[in-house]
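Below is one structure, written out as structure tokens; comments come after it.
The values are calculated or read from the model by the stated rules, or taken from the named source; none is laboratory data. Nothing here was measured: the structure is a model prediction, and the numbers come from that model. Quick reminder, even Gly has a Cβ in these numbers, built from the backbone with ideal geometry, and neighbours come from all protein chains shown. What goes into the accessible areas is simple: the full protein's heavy atoms, side chains included, and nothing from ligands, DNA or RNA. Shrake-Rupley method; radii C 1.70, N 1.55, O 1.52, S 1.80 Å.
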Amino acid sequence: MLKHHPDPRADWEELVTLNGTVAPLIPIRPGELQYWRIGNIGADLFLKLKLEGMVLYLIGTDGTYLHRPVKVDDIMLGPGQRVEVVAVGGPTGNYHLRSIPFTLESGRPPLPEHSLGIVVSDGPAADIAVAEAKLAAQAVEASPYIEALRASPITRRRIFTFSRSEDRTKFFINGELFDPDRTDVTAVLGDVEEWTIRNEDNQLHNFHIHQTEFLVVSVNREPRNFGSLYDTFTVPAAEEGRPGEIKVVIPFTNPAIVGRFVFHCHVVKHEDKGMMQTIEVVRKPK
């Protein structure tokens, strides 16, 4: 688990821990395949993870496995996001797990680098290429649920716009602040909806919905096929006056989700300043 804490030495510094420890040592053997489940439980923290000099394969997102492992150079994790990865142990030596600098908000300096841990590879030499090839060739049965969802007719399309006030004291969805006594969206059990989440802000936001997962079908108007499901996903910032955007397909098909729940930006200081709405799933009238 990755978590950040205010550093008492300076208001602007952040301390990021891995399982409660600052930059721990992580042992691995050359050629060993290690399964890592990584969750970003920092309230407001965005991270871009990179394991310098060693191979990582993404195998799952938010609790859903991909059909095949996907080799990645880095992984973006917004608040609340989780991934499953497999690390392939490199030759004997030390390898740094870092969050590398990237732009969170245009017009501001990039987020600083964070040292998250040191992977220490030690043991007998191994054929790492063979180990990696073995991993890359593995597959799990493709989820029929994902393909069925991808092929489902869309019952309704909605657009939700994330924005904020100039003084950053208020954060809005479709121009509204959160009101727990208001139901903003009503969906019918059995329906499949397509939601467009637009970000008019010049900083990243993180869309999260309770009670169900969703399929990401486009990012910034480019079709995407991740082969997995999410319940939290980073929404790109606006650039040159054009909103960032993701498009997701959400199944309201599980009877267990009938009732009221919320969707929101998972950046807690944005959610707490109003960037949240209530949805109610109702049964079809008889």
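Which three numbers, in whole Å and largest first, are the semi-axes of the equivalent ellipsoid of the range 11-163 derived from its Cα gyration tensor as √(5λ)? Walk me through the numbers before you get to the answer.
On the way: eigenvalues 172, 132, 27 Å².
Working from the Cα gyration tensor, I get semi-axes of 29, 26, 12 Å.
To the nearest µm²/s, what D does Stokes-Einstein give for the range 93-143 at 10 °C and 1.306 mPa s, using the Kirkwood radius over alpha carbon pairs as Rh? Walk me through the numbers on the way to the answer.
Working: Rh = 14.9 Å.
Estimated diffusion coefficient is 107 µm²/s.
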In whole Å, largest first, the alpha carbons of the range 14-60 cover along the principal axes 35, 23, 17
For Leu229, the residues 5 or more places away or on another chain with a placed amide H closer than 5 Å to its own amide H are Thr61, Thr64
Bins of 10 Å, beginning at zero and ending with the bin holding the largest distance: percent of Cα pairs per bin for the chain, please.
6, 25, 32, 23, 11, 2, 0
As an exercise, use a Förster radius of 41 Å and the Cβ-Cβ distance of Thr161 and Ala125 to find the FRET efficiency, rounded to the nearest 0.05.
0.15
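Which percent of the accessible heavy-atom area of the range 1-134 goes to carbon and sulfur, probe 1.4 angstrom?
Working: 3880 of 6810 Å².
That fraction is 57 percent.
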For the range 191-249 versus the range 100-150, the gap between their alpha-carbon centres in whole angstrom:
21
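Dividing the alpha-carbon Rg of the range 73-112 by 2.2 N^0.38 Å yields what? Walk me through the numbers before you get to the answer.
On the way: Rg = 13.9 Å, N = 40, 2.2 N^0.38 = 8.9 Å.
Working it through for the range 73-112, the quotient is 1.55.
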Run the dipole for the chain about the Cα centre, Lys and Arg Cβ at +1, Asp and Glu Cβ at -1, nothing else charged, and hand back the magnitude in debye, nearest 20.
680
Solvent exposure of the chain as accessible area per residue, Å², 1.4 Å probe:
50
Could you pull out every residue, at least 5 positions away or on a different chain, whose amide H is within less than 5 Å of the one on Glu32? Hs are placed 1.01 Å off N in the peptide plane, and Pro or chain starts have none.
Gly89
Can you list the HN-Hα couplings for the range 66-76, worked out from phi with the Karplus curve (6.51, -1.76, 1.60; θ = phi - 60°), rounded to whole Hz and with x for Gly and Pro?
6, 5, 9, x, 10, 5, 10, 8, 8, 9, 8
For the range 182-286, compute the orientation-averaged projected area of the C-alpha convex hull (one quarter of its surface), in nm².
7.3
Built amide H within the under 5 Å cut-off of Gln81, gap 5+
Asn40
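Using only the alpha carbon atoms of the range 61-138, find the Kirkwood hydrodynamic radius as the inverse mean reciprocal pair distance, in angstroms to one decimal. It would help to have the intermediate numbers written out before the result.
Numbers: mean 1/r = 0.0654 Å⁻¹.
Evaluated over the range 61-138, this radius sits at 15.3 Å.
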HN-Hα J couplings of the range 117-122 from phi, Karplus 6.51/-1.76/1.60, θ = phi - 60°, integer Hz, Gly and Pro as x?
x, 10, 8, 9, 8, 8
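Report, to the nearest whole %, how much of the accessible area of the range 202-286 belongs to carbon and sulfur atoms, 1.4 Å probe, protein only. Please report the intermediate quantities before stating the final value.
Details: 1770 of 3750 Å².
Carbon with sulfur: 47 percent of the solvent-accessible area.
Semi-axes of the equivalent ellipsoid of the range 224-286: what are they in whole Å, largest first, if each equals the square root of 5 times a C-alpha gyration tensor eigenvalue? Kindly include the intermediate steps, with their values, before the conclusion.
Values: eigenvalues 138, 62, 25 Å².
Values for the range 224-286, descending: 26, 18, 11 Å.
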Explain nothing, just compute: Karplus ³J(HN,Hα) = 6.51 cos²θ - 1.76 cosθ + 1.60, θ = phi - 60°, for every residue of the range 99-115 in order, whole Hz, x for Gly and Pro.
9, 7, x, 7, 7, 8, 9, 5, x, 10, x, x, 4, x, 6, 10, 8
So for each of 168-178, 129-139, 268-278 I average, over its residues, the number of other beta carbons within 10 Å; can you give me the resulting order with the highest mean first?
268-278, 168-178, 129-139
Using only the alpha carbons of the range 155-198, determine the length spanned along each of the three principal axes and report them from longest to shortest in whole angstroms.
41, 24, 9
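If the chain between Ala133 and Arg224 were fully stretched, how many nm would it gain, using 0.36 nm times the residue separation less the Cα-Cα distance? Present the calculation step by step, with values, prior to reporting the outcome.
Details: separation 91, 0.36 × 91 = 32.76 nm, distance 2.56 nm.
Answer, rounded to one decimal: 30.2 nm.
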Can you tally the lysine pairs in the chain where the Cα-Cα distance is under 28 Å and the two residues are eight or more apart, or on different chains?
24
